[in-house]
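Enquirer: Here's a structure for you.
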Amino acid sequence: MPGPGRSWRPFRAVAGWTLRDGRSDLVAGLTLAAITIPEQMATARLGGFAPEIGFFAFVAAALAFAVFGAHRLLSVGADSTITPIFAGGLALLAAAGSPHYAALAAALALMVGLIVCCGGVFRLGWIADLLSVPVTTGFLAGIAVHIAVSQLPGLLGLPAQDGSTPQRIAETVAQLGQVNPWSAALGIGVFLAVFGAERISPRIPGALIGLVAATAAVVAFGLENRGVAVLGPLPGGLPQPALPAVDFDELRRLVSLALIVALVVMVQTAATSRSFPPQSGAPPALNRDFIGVGAGSILSGLFGAFPVNASPPRTATVAETGGRSQVAGLVAAAIVLALALLGGGLLSHVPHAALAGVLVFVAQRVVRVPTFVAVYHQAPGEFALILATAVAIVVLPIQAGVAVGIGLSLLHGIWAITRAQPIEFEKVPQTSIWWPPAAGSHGETLPGVAVIAFQAPLSFLNAGTFEAGIGRLIDARRDALRLVILEASSIIEIDYSAARSLAGVIAQCRVADITFAIARLESVRAQQALSRFGILAQIGPDHVFHSVDEAVRALAGPPPDPAPGAGHASASP
């Protein structure tokens with residue numbers, strides 16, 4: 001693992017590269033380019049941009065990540081996960097495809113890049129865990145529906161449609177009688193080519209093969225004259241770096257969209273980095289990867305493109321083809337840049353339906369069917385989160401749907417914390433272990449002693465439940481109770497509100513002439529809180545113990561021998 005001084009040096013993702021790595025990176029780079037070219041063109045069109053803008057976004061992202069990122073295999077560029085989100089938001093401010101729309105997209109890329117970079121600089125990698133697996137699964141399912149619905153008209157040769165996703169579905173169904181069979185054949189053919197190639201081997205560039213075959217068919221059979229729409233000539237030349245012409249009021253209106261896109265970028269970047277851990281066995285350098293991906297969006301915005309993201313499928317391609325470093329990404333970027341500058345004529349006959357076929361394939365790939373099935377069988381309550389998030393993203397404006405998904409994820413986490421209740425532990429016979437009561441076990445209790453646990457962080461979210469629950473346990477045995485021990489091994493944090501509730505419990509014990517002690521408070525943060533909030537002074541340092549048995553011996557005397565024939569619990573720590 002690099003030392004603190006070296007961890008922030010540039011080109012960390014190519015450090016130690018030798019000529020022996022060159023062949024592997026060259027093969028990986030060529031394969032990555034073959035997969036990237038059609039994907040970046042299709043994703044750019046998904047966002048309402050000219051295809052070459054997708055090329056510039058990929059080149060900027062690959063270069064920036066090679067300089068500032070840490071992961072040796074991570075591929076960054078235009079991404080179909082975030083493109084529908086920011087395209088939907090930008091469409092509310094400007095007409096898709098207009099110069100103003102492009103300027104807003106570039107400004108958004110700068111804002112997203114700065115937010116993601118700040119997330120790395122200030123080590124906010126934990127933000128990536130704010131979206132639970134069910135919410136992320138529902139989010140991706142909703143995005144998949146957006147992509148498929150937006151691309152069906154192009155795939156079928158129908159006019160482009162506006163409006164909400166349900167409106168687009170209705171319009172597409174109403175226009176099915178106007179389907180262009182040639183466009184439909186090309187689009188479905190490309191979809192099947194990509195699908196079949198991936199089933200055989202992910203190394204086969206099915207999208208590129210399908211795109212070349214569809215383009216050749218357009219030229220050979222004159223399909224433009226049969227109503228098949230094509231890209232047309234693409235302008236050559238590299239755009240000049242510049243700040244987008246956007247005023248302050250427009251920047252202010254982009255803030256909420258930038259925050260949502262940045263969160264999704266951080267979540268996907270973290271998930272991708274963790275899915276392909278370093279071969280050294282060291283943990284992924286998430287914060288440094290955030291800086292690399294954020295820098296990619298900034299450079300993309302300066303060249304007039306849009307926000308970029310880490311790509312799990314492209315990263316998998318680099319890994320599966322033997323890539324060793326970000327040199328593979330730079331090789332792919334060089335090929336893509338050459339095509340953008342010199343290959344405008346080659347791409348002019350690419351049919352829209354072919355790009356739509358690529359995106360429809362991407363849409364079905366992002367739906368996590370195994371996760372759907374697993375959550376449905378193992379956690380039906382959380383399956384409702386999948387459905388709610390997916391429906392919100394499909395029915396609402398997409399940025400609002402994403403915000404709902406984020407809110408549901410946070411509420412789910414809060415709900416889990418608030419469910420915690422105080423539990424009275426039992427002693428496992430003939431051991432020093434205190435354990436929650438379980439069906440079929442026969443634990444011991446000690447006369448006049450209650451060992452109570454609270455298995456969650458102690459915070460304002462559950463402080464009332466904590467105080468009320470322990471109060472009920474005390475009231476139920478008030479006459480016989482002499483000692484209450486809080487088994488605190490699961491309490492990793494105590495905030496101000498919780499400290500007040502804990503003080504209330506201690507005061508209640510004191511009024512009832514009950515001794516209060518704390519055992520197994522293992523969290524350093526919680527120990528510091530105990531002192532900071534005056535709880536330690538309230539009960540005294542001699543009432544904080546390393547184990548429950550230690551507290552019992554010190555405050556209640558030696559426990560009596562178990563009665564003959566007492567049952568034995570089957571629990572274990």
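FYI, it's all coordinate maths here, none of it is from the lab. Note that the structure is a prediction, hence the values are computed from the model and not measured. No Cβ is skipped: glycine too gets one built from the backbone with ideal geometry, and neighbour counts run over all protein chains shown.
Enquirer: Which value at 222 nm does the chain reach when only helices count, each DSSP H run of 4 or more adding -39,500 (n - 2.57), with the total divided by all residues and rounded to the nearest 500 deg cm²/dmol?
Expert: Calculated from helices alone, the mean residue ellipticity at 222 nm is -19000 deg cm²/dmol.
Enquirer: I'd like to compare 270-279, 233-242: which one has the highest average count of other Cβ atoms within 10 Å, and what's the full order after that?
Expert: 270-279, 233-242
Enquirer: Separate question: Taking θ = phi - 60°, what integer Hz values does the Karplus form 6.51 cos²θ - 1.76 cosθ + 1.60 yield along the range 202-209, in sequence order, with x for Gly and Pro?
Expert: Each residue of the range 202-209 in turn: x, 6, 6, x, x, 5, 5, 4 Hz.
Enquirer: Treat the range 1-100 as a sphere of radius equal to its Kirkwood radius over Cα pairs and apply Stokes-Einstein at 10 °C in a medium of 1.306 mPa s; give the translational diffusion coefficient in µm²/s, rounded to a whole number.
Expert: 102 µm²/s
Enquirer: Nearest-5 percent of antiparallel DSSP beta bridges in the range 423-555?
Expert: Numbers: 5 of 18 bridges.
Given both bridge residues lie in the range 423-555, the antiparallel proportion sits at roughly 30 percent.
Enquirer: Reported to two decimal places, what Rg/Rh ratio describes the range 392-491 when computed on Cα atoms with Rh from the Kirkwood expression?
Expert: 1.20
Enquirer: Here's a follow-up. Check Thr515: other-chain or 5+ apart residues with amide H under 5 Å from its amide H, H built from backbone geometry?
Expert: Under 5 Å from the amide H of Thr515: Leu483, Val484.
Enquirer: Given N residues in the chain, what is its alpha carbon radius of gyration divided by 2.2 N^0.38 Å? It would help to have the intermediate numbers written out before the result.
Expert: Values: Rg = 29.8 Å, N = 573, 2.2 N^0.38 = 24.6 Å.
Here the Cα radius of gyration is 1.21 times the empirical estimate.
Enquirer: Moving on to the next point. How big, in percent, is the set of alpha carbon pairs in the range 249-346 lying more than 23 Å apart?
Expert: Of all Cα-Cα distances in the range 249-346, 36 percent exceed 23 Å.
Enquirer: Additional query: For Ala439 and Leu411 in the same chain, what is the full-extension length gain: residue separation times 0.36 nm, less their Cα-Cα distance, in nm?
Expert: Once the chain is fully extended between Ala439 and Leu411, it gains 7.0 nm.
Enquirer: Can you give me the orientation-averaged projected area of the convex hull built on the Cα atoms of the range 184-302, in nm²?
Expert: Orientation-averaged projected area of the Cα hull: 12.4 nm².
Enquirer: Also, quick follow-up: Name the residue from Val548, Leu458, Ser490 whose Cα lies farthest towards the positive end of the charge dipole of the range 423-555, charges +1 on Cβ of Lys and Arg and -1 on Cβ of Asp and Glu.
Expert: Checking the options against the dipole of the range 423-555, the answer is Leu458.
Enquirer: Then there is this: Compute the angle between helix 463-476 and the longest alpha-carbon principal axis of the chain, please, reported from 0 to 90 degrees and rounded to the nearest 10.
Expert: 30 degrees
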